[in-house]
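Q: Please read through the structure below; I'll follow up with questions.
The values are calculated or read from the model by the stated rules, or taken from the named source; none is laboratory data. Predicted, not measured: the structure shown is a model, and the values here were computed from it. Using ideal geometry, Cβ is built from the backbone for each residue, glycine included, and neighbour counts are taken over all protein chains shown. Just the protein is used for accessible areas: all its heavy atoms, side chains included, with ligands, DNA and RNA removed. Shrake-Rupley method; radii C 1.70, N 1.55, O 1.52, S 1.80 Å.
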Amino acid sequence: MSGYLRRLATTGAAYTAASILSKLIAVALLPLYTRYLSPGDYGAAEVLFASVVSISIVVRFGLIEALLRFYYKGGENPAQVVSSTFAALFWFSTLAVAVVLPFAGPISEALFDERARAELGGQGPELVRIAIAGLWVLTMFEFMLTLFRLEERARAYFVTTILNVLATIALTIVLVVGADEGARGLLLGSYATGAAFVLGLIALHWRQLSLLFDTGLLKRLLRFGLPTMPAEVSLYLLNFVDRLIILRTVGLIAAGLYSLAVKFAQAVNVLVRGFQLAWPPLAYSIKDDDEARRAYAVVMTLFVAACAFVVTGMWLFSRWIARALAAPDFFDSWEAVGLISTAVTLYAIYMVMVVILGRTGRTEFNFPAAIAALVANVALNLLLVPSLEIVGAGIALVASYGVVVVLMYVFTQRLFPVPYQWGRLTRVVLTAAVLVALGELLLPGDGALGLLGRAVLLALYPLGLLASGFFTPEERRWLAKLRHPREIAAEFKRMREAPAAVDGKLPETYEVERMDEDSRF
């Protein structure tokens, strides 16, 4: 078990490090952006970014999810899986852009009401055209990064991600600050640099890629991936429909505030993203079902405990985060930060269960859970947003993710029962809830006293877990090693350099095939 956890920690740490650094750079620039962008400009750009992600999920038809599964599946040729997936995604995304581009004007009118279009100064159709071109960029960039995940080339993933972020930010500053391009500058800065990186990665991997796909293999990939697509779209729409409803019922400014609150909640999303990237390859590589059940239960417990620590901090410090990182016009965004952070953690729990369904091959159960959550989200947003504005949207998001988690738990336990550690999970939730409640009820919302008091409460989180009996003896021994960083570094080094066993297989810690070293950076 410790071998799987070390492997997940190693790859997850690399992915998370990339996310942390890129998000820190982006967040550090928010004070600059929020002073050169109006809440309306920021809200328009973020709505279009979310729209592109939603459509990209449809265009992918679940092929990236299928790639992650079929690459390790017995009887399949990994090289052919990669080349056929690339060819299919290339043609699907290119065709989608060609079909949608002529309708930029009507799409703009559907997204932005008359008041919003006036605030944008008639730029709506042009912004939509840039976003449509970004659809191809995002789809292909996701595929190219997935190649690094398949090969567990964490260093290459890290370098590529950081360079892309740095280039994007440099161009965005030129466009937003220097050229005063507003929302247009945000969109161009992201997708123009993304396109350059996609072309560069294609050139780097060209030996693995093809514009022709194996029809029989593509059918198998789609048979696995397509059932995941409606669910993924429905689930992502939870992060998109609320912005549309805010835009239509409250206005473009409120949409900008809510989008900024989502950005602040990236502190949790960083952890979730690293886990999301590292988890599927590890989870699918565990061959024995009983061992997989035990591993899934432990991973769920420890990951939720880590997320709860960050969420607790986001609840306690949301006011100070908004004051430090945004212009005064954006300060009210703090009201939704804690709720959105909680919702992101529930999404991470859902991702664990998605992999469990993928293991059983019964991916069709994703859709009813996701569509139920979407219906709940729309209904609650329509009910709560007119009166509570962005706070209502945050409440709706938490409740709808709660719906999808409960339904996925019911489905997965019927197909692949996992012995979740409910006692330990309960300790995590109660510890976090008590600390947040104490901060909100007893401490002021500004000033040095409020800040220091909340810092003390956050520091009590691990002590609270320890006092509650959360940690097992093995985990307490591992925590004791944190006082000796060199031992931890040496352990990770031994794991990375573990020699291959006979018959080309790796030791227990690495149950997947070793990749060709010549293909690594």
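Q: Might you check whether a residue that is of a type in the set (Asp, Glu) and modelled with pLDDT under 85 occurs anywhere in the range 353-366? Walk me through how you get there before you give the answer.
A: Of the residues in the range 353-366, the ones of a type in the set (Asp, Glu) are 364.
From the residues that got through so far, the ones that are modelled with pLDDT under 85 too are 364.
So far as the range 353-366 goes, yes, one or more of its residues are of a type in the set (Asp, Glu) and modelled with pLDDT under 85.
Q: Same structure, new question: Which residues, taken from the range 329-352, are open to solvent by less than 10 Å² (accessible area, probe 1.4 Å), at pLDDT below 90 and over 13 Å from residue 402 (Cα atoms)?
A: 330, 352
Q: Follow-up question, since we're still on this one. Kindly indicate whether residue 61 is open to solvent by 30 Å² or more (accessible area, probe 1.4 Å), among the hydrophobic types (A, V, I, L, M, F, W, C) and either closer than 28 Å to residue 324 by Cα or free of Cβ contacts under 8 Å to residues at least 60 places away in the same chain (or both).
A: When the stated conditions are applied, residue 61 does not pass them.
The rows are residues; the columns are (1) surrounded by fewer than 19 Cβ atoms within 10 Å (Cβ to Cβ); (2) closer than 20 Å to residue 183 by Cα.
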site	(1), (2)
100	yes, no
104	yes, yes
112	no, yes
115	yes, yes
121	yes, yes
125	yes, yes
132	no, yes
136	no, yes
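Q: Another question, then. How many of the residues in the range 432-457 are within 16 Å of residue 305 (Cα to Cα) and touching a Phe, Trp or Tyr at 6+ places or on another chain (Cβ under 8 Å)?
A: 3
Q: Scanning the range 299-328 for residues that are open to solvent by 20 Å² or more (accessible area, probe 1.4 Å) and more than 21 Å from the chain's Cα centre (by Cα), which turns out nearest to residue 435 (Cα to Cα)?
A: Checked the range 299-328; the qualifying residue nearest to residue 435 (Cα to Cα) is 317.
Q: Among the numbered criteria (1) touching a residue at least 60 places away in the same chain (Cβ under 8 Å); (2) open to solvent by less than 50 Å² (accessible area, probe 1.4 Å); (3) closer than 22 Å to residue 57 by Cβ, which single criterion is violated by residue 365?
A: Here residue 365 clears every test but (1).
Q: Related question: Output the qualifying pairs, or none if there are none: Cβ atoms under 9 angstrom, residues six or more apart or on different chains, first residue in the range 157-173 and over 10 Å from residue 29 (Cβ atoms) and assigned to a helix (DSSP H, G or I), second residue open to solvent by 30 Å² or more (accessible area, probe 1.4 Å) and hydroxyl-bearing (Ser, Thr, Tyr).
A: 168/190; 171/190
Q: What do you reckon, is residue 372 modelled with pLDDT of 90 or more and over 24 Å from residue 264 (Cα atoms)?
A: Yes; evaluated as a whole, the condition is true for this residue.
Q: Now for a different question. Checking the structure you have, find out if any residue of the range 140-154 is in contact (Cβ under 8 Å) with a residue 60 or more places away in the chain and small (Gly, Ala, Ser).
A: The answer is yes; a qualifying residue exists.
Q: If you don't mind, there's one more thing I want to ask. Any residue in the range 252-266 that's closer than 15 Å to residue 327 by Cα and open to solvent by 10 Å² or more (accessible area, probe 1.4 Å): show its pairings with residues that are among the aromatic types (Phe, Trp, Tyr) and assigned to a helix (DSSP H, G or I) at Cβ separation under 7 Å, as long as the two are six or more apart or on different chains.
A: Every condition considered, the pairs that remain are 257/330.
Q: Of all residues in the range 219-228, which are out of contact with any Asp or Glu (no Cβ under 6 Å at 6 or more places or on another chain) and assigned to a helix (DSSP H, G or I)?
A: Start the filter on the range 219-228 by keeping residues that are out of contact with any Asp or Glu (no Cβ under 6 Å at 6 or more places or on another chain), which leaves 219-224, 226.
Hits for the range 219-228 are 219, 220, 221, 222, 223, 224.
Q: All but one of (1) part of a helix (DSSP H, G or I); (2) closer than 24 Å to residue 209 by Cβ hold for residue 176; which doesn't?
A: Going through the list (1) part of a helix (DSSP H, G or I); (2) closer than 24 Å to residue 209 by Cβ, residue 176 breaks only (2).
Q: Okay, moving on. Is it the case that the range 423-431 has a residue that's over 20 Å from residue 340 (Cβ atoms) and hydrophobic (A, V, I, L, M, F, W, C)? Show your work before the answer.
A: The initial filter retains those residues of the range 423-431 that are over 20 Å from residue 340 (Cβ atoms), namely 423-427, 430-431.
Now drop any that are not hydrophobic (A, V, I, L, M, F, W, C), which leaves 425, 430.
Scanning the range 423-431 turns up at least one residue that is over 20 Å from residue 340 (Cβ atoms) and hydrophobic (A, V, I, L, M, F, W, C).
Q: Okay, moving on. Give me the residue from the range 1-48 that is of a type in the set (Phe, Trp, Tyr) and buried (at least 21 other Cβ atoms within 10 Å of the Cβ) and, out of that set, modelled with the lowest pLDDT.
A: Step one: of the range 1-48, the residues of a type in the set (Phe, Trp, Tyr) are 4, 15, 33, 36, 42.
Filter once more, keeping what is buried (at least 21 other Cβ atoms within 10 Å of the Cβ): 4, 15, 33, 42.
Numbers: 4: 48, 15: 56, 33: 76, 42: 85.
Filtering the range 1-48 for residues that are of a type in the set (Phe, Trp, Tyr) and buried (at least 21 other Cβ atoms within 10 Å of the Cβ), the one modelled with the lowest pLDDT comes out as 4.
Q: Which one is farthest from residue 463 (Cα to Cα) among residues in the range 395-445 that are hydroxyl-bearing (Ser, Thr, Tyr) and surrounded by 13 or more Cβ atoms within 10 Å (Cβ to Cβ)? Write out each step before concluding.
A: As a first pass, look at the range 395-445 and keep what is hydroxyl-bearing (Ser, Thr, Tyr): 400-401, 409, 412, 420, 426, 431.
The next check asks that each one be surrounded by 13 or more Cβ atoms within 10 Å (Cβ to Cβ); those that pass are 400-401, 409, 412, 420, 431.
Working: 400: 31, 401: 29, 409: 30, 412: 33, 420: 23, 431: 10 Å.
Applying the filter and picking the extreme gives 412.
Q: While we're here: Anything in the range 231-243 that is open to solvent by 10 Å² or more (accessible area, probe 1.4 Å) and either in contact with a Ser or Thr (Cβ under 7 Å, 6 or more places away or on another chain) or at pLDDT 85 or above (or both)? List them, or say none. Walk me through it before giving the result.
A: The initial filter retains those residues of the range 231-243 that are open to solvent by 10 Å² or more (accessible area, probe 1.4 Å), namely 232-233, 236-237, 239-241, 243.
Of everything in the range 231-243, those that are open to solvent by 10 Å² or more (accessible area, probe 1.4 Å) and either in contact with a Ser or Thr (Cβ under 7 Å, 6 or more places away or on another chain) or at pLDDT 85 or above (or both) turn out to be 233, 236, 237, 240, 241, 243.
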